[in-house]
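Q: Structure below; questions to follow.
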Amino acid sequence: MEYLAPTSIGEALRSLHQHRGSARVLAGGTSVLPVLNNTSAALAGGDKQSGSAPVLIDIKRLAELRSVTVLADGALVLGAAVTCQEASSHPAIQKSWQGLAEALAATGPAQIRSRATIGGKLCQAASTADAAAALMAIDACCRVVSVSGERLIPVSELILSPGRTCLRTDELLVSIELPAPRAGTADAYARVASRSSLGKTYAGVAVALTLKDDRIDSCRVALAAVTLVPALAERAASMLIGNRLEPDVLARFRRQIAGACRAGVDSQQTADHKAHVASELAISAARVAWQRSAGGGSEGSR
Ligand SMILES: Cc1cc2nc3c(=O)[nH]c(=O)nc-3n(C[C@H](O)[C@H](O)[C@H](O)COP(=O)(O)OP(=O)(O)OC[C@H]3O[C@@H](n4cnc5c(N)ncnc54)[C@H](O)[C@@H]3O)c2cc1C
């Protein structure tokens with residue numbers, strides 16, 4: 001196995017291109033290193049064809065990927081190698097995207113959060129990716145680069161299936177771009193941890209909404225750990241738009257959330273329970289987002 005630690009994005013991209021098929025990006029390593037230790041055959045899947053040893057490309061020395069930049073209009077650029085701990089405690093994220101801060105704080109125990117990166121979280125493409133759901137709710141985008149150019153991919157389109165993203169083997173996720181929140185916008189994340197599986201997320205729901213004239217003007221809802229991969233629940237979100245959080249609205253919202261849950265679990269009992277838990281979490285997150293928005297939303301907190 002070869003280990004490379006490039007010091008510029010250009011160098012990293014050239015290495016990814018040169019070793020495409022056998023290269024593997026190393027960020028925090030909390031997911032990729034256990035795979036490497038336990039199932040080297042799985043890591044070397046691409047190498048069977050190329051016949052070459054796997055090449056680990058460590059991106060932690062890329063300064064651009066380790067920075068958080070707040071733009072003049074309030075948008076934020078989050079480097080892909082920023083750790084979940086750094087991101088969750090960043091003042092701008094705590095002020096303007098409280099739901100995202102909550103989801104990032106759920107990315108495993110403290111030792112894991114201080115290693116695991118936001119880019120690794122997304123590229124791991126796990127069902128339990130709390131931060132992916134929160135980023136989908138706020139309509140964040142991924143900036144992805146390769147030697148042949150760059151593209152902007154909505155987080156909601158990045159993850160295709162468990163363990164699989166739409167990134168090509170020579171592409172690098174460099175940053176996640178959070179759009180400037182509109183006045184009266186707020187987000188919230190509610191989750192329940194599993195009692196087994198080292199406290200991994202059992203069910204999580206992210207809600208971002210904008211209030212106008214005491215009604216919900218726009219809303220996005222995303223689910224974690226109750227669908228095969230984190231996903232938007234667009235029908236559920238549409239139940240809230242134009243409304244207040246009144247009992248009949250919440251009843252329809254609850255039904256749509258339960259219907260959107262496709263947990264990919266063996267037992268129907270677990271699937272039903274997850275759907276029930278997710279619908280309660282969704283109502284809780286919607287109420288918190290409403291309260292935050294009514295309290296001034298992101299504009300009021302700046
Ligand atoms: C005990 C435990 C409990 C956890 N609980 C939770 C939980 O409840 N909720 C939760 O959300 N997370 C949880 N996590 C964290 C999560 O499972 C991953 O371990 C972590 O998010 C991976 O981040 P990383 O930076 O370490 O990625 P790495 O292990 O370095 O990489 C992961 C994958 O992404 C690729 N990759 C990384 N960065 C990039 C990039 N910039 N461009 C392209 N590809 C890239 C790698 O090649 C690899 O395939 C838990 C982890 C542990 C160990």
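The values are calculated or read from the model by the stated rules, or taken from the named source; none is laboratory data. Only a predicted model underlies this, so the values are computations on that prediction, with no experimental measurement involved. Every residue, glycine as well, gets a Cβ built from its backbone with ideal geometry; the counts of neighbours run over all protein chains shown. Protein only, heavy atoms only, side chains kept; ligands, DNA and RNA dropped before computing areas. Shrake-Rupley method; radii C 1.70, N 1.55, O 1.52, S 1.80 Å.
Q: When the residues of the range 167-207 are narrowed to those that are β-branched (Val, Ile, Thr) and more than 16 Å from the ligand (Cβ to nearest atom), which ends up nearest to ILE118 (Cα to Cα)?
A: Applying the filter and picking the extreme gives VAL207.
Q: In addition: Contact list please: Cβ distance under 7 Å, first residue in the range 140-162 and farther than 18 Å from GLY79 by Cα, second residue surrounded by 15 or more Cβ atoms within 10 Å (Cβ to Cβ) and of a type in the set (S, T, N, Q), pairs at least six apart or on different chains.
A: Close Cβ pairs satisfying both conditions: ILE159/THR165; PRO162/SER127.
Q: Within the range 165-191, can you find the residues that are under 17 Å from the mean Cα position of the chain (by Cα), in a loop (DSSP other than H, G, I, E, B) and aliphatic (A, V, I, L, M)?
A: Residue satisfying the conditions is LEU167 alone.
Q: Let me ask you something else. If a residue has to be open to solvent by 10 Å² or more (accessible area, probe 1.4 Å) and either modelled with pLDDT of 95 or more or more than 8 Å from the ligand (Cβ to nearest atom) (or both) to count, how many in the range 102-112 make the cut?
A: Looking only at that region, the number is 4.
Q: I've got another one for you. Of everything in the range 125-181, what is under 19 Å from ARG20 (Cβ atoms) and open to solvent by 40 Å² or more (accessible area, probe 1.4 Å)? Give them in sequence order.
A: VAL147, SER148, GLU150, ARG151, LEU160, GLY163, ARG164, ARG168, THR169 - these are the residues of the range 125-181 that are under 19 Å from ARG20 (Cβ atoms) and open to solvent by 40 Å² or more (accessible area, probe 1.4 Å).
Q: Which one is most open to solvent (accessible area, probe 1.4 Å), of the residues in the range 60-95 that are part of a strand (DSSP E or B) and among the hydroxyl-bearing types (Ser, Thr, Tyr)? Steps first, please.
A: Taking the range 60-95 and keeping what is part of a strand (DSSP E or B), we get 68-70, 76-79, 83.
From what is left, the residues that are among the hydroxyl-bearing types (Ser, Thr, Tyr) are 69, 83.
Working: THR69: 62, THR83: 11 Å².
Per the stated criteria, the residue is THR69.
Q: Taking the residues in the range 11-32 that are small (Gly, Ala, Ser) and open to solvent by 30 Å² or more (accessible area, probe 1.4 Å) as candidates, determine which candidate is nearest to the ligand (Cβ to nearest atom). Write out each step before concluding.
A: Taking the range 11-32 as the starting set, the residues that turn out to be small (Gly, Ala, Ser) are 12, 15, 21-23, 27-29, 31.
Adding the requirement that they be open to solvent by 30 Å² or more (accessible area, probe 1.4 Å) leaves 21, 31.
Working: GLY21: 13, SER31: 3 Å.
Checked the range 11-32; the qualifying residue nearest to the ligand (Cβ to nearest atom) is SER31.
Q: Additional query: If you check ALA132 against the conditions, is it away from the ligand (no atom under 14 Å from the Cβ) and assigned by TED's automatic domain parsing to the domain that holds ALA75? Please lay out each step first, then the result.
A: Numbers: away from the ligand (no atom under 14 Å from the Cβ): no; assigned by TED's automatic domain parsing to the domain that holds ALA75: yes.
Criteria not met by ALA132.
Q: To continue, here is another question. Looking at (1) within 30 Å of GLY199 (Cβ to Cβ); (2) of a type in the set (D, E, K, R); (3) at pLDDT 95 or above, which is the one condition that is false for ARG61?
A: (1)
Q: Looking at the range 94-123, which of its residues are touching a residue at least 40 places away in the same chain (Cβ under 8 Å) and within 23 Å of GLY296 (Cα to Cα)? Walk me through how you get there before you give the answer.
A: So in the range 94-123, the residues touching a residue at least 40 places away in the same chain (Cβ under 8 Å) come out as 95-100, 102-103, 106, 108-109, 112, 115-120, 122-123.
Once the filter is applied, which keeps residues that are touching a residue at least 40 places away in the same chain (Cβ under 8 Å) and within 23 Å of GLY296 (Cα to Cα), the range 94-123 yields LYS95, SER96, TRP97, GLN98, GLY99, LEU100, GLU102, ALA103.
Q: For the range 269-277, does any single residue satisfy the condition of being open to solvent by less than 70 Å² (accessible area, probe 1.4 Å), among the polar types (S, T, N, Q) and within 15 Å of the ligand (Cβ to nearest atom)? Explain how you work it out, then say what you get.
A: Keep residues of the range 269-277 that are open to solvent by less than 70 Å² (accessible area, probe 1.4 Å), which gives 270-271, 274-275, 277.
Within this subset, residues satisfying the condition of being among the polar types (S, T, N, Q) are 270.
Next cut, within 15 Å of the ligand (Cβ to nearest atom) only: none.
The answer is no, given that none of the residues of the range 269-277 is open to solvent by less than 70 Å² (accessible area, probe 1.4 Å), among the polar types (S, T, N, Q) and within 15 Å of the ligand (Cβ to nearest atom).
Q: When you look at ALA251, is it more than 15 Å from the ligand (Cβ to nearest atom) and touching a Gly at 6+ places or on another chain (Cβ under 8 Å), yes or no? Talk me through it step by step, then tell me what you get.
A: On the way: more than 15 Å from the ligand (Cβ to nearest atom): yes; touching a Gly at 6+ places or on another chain (Cβ under 8 Å): no.
No: the conditions fail for ALA251.
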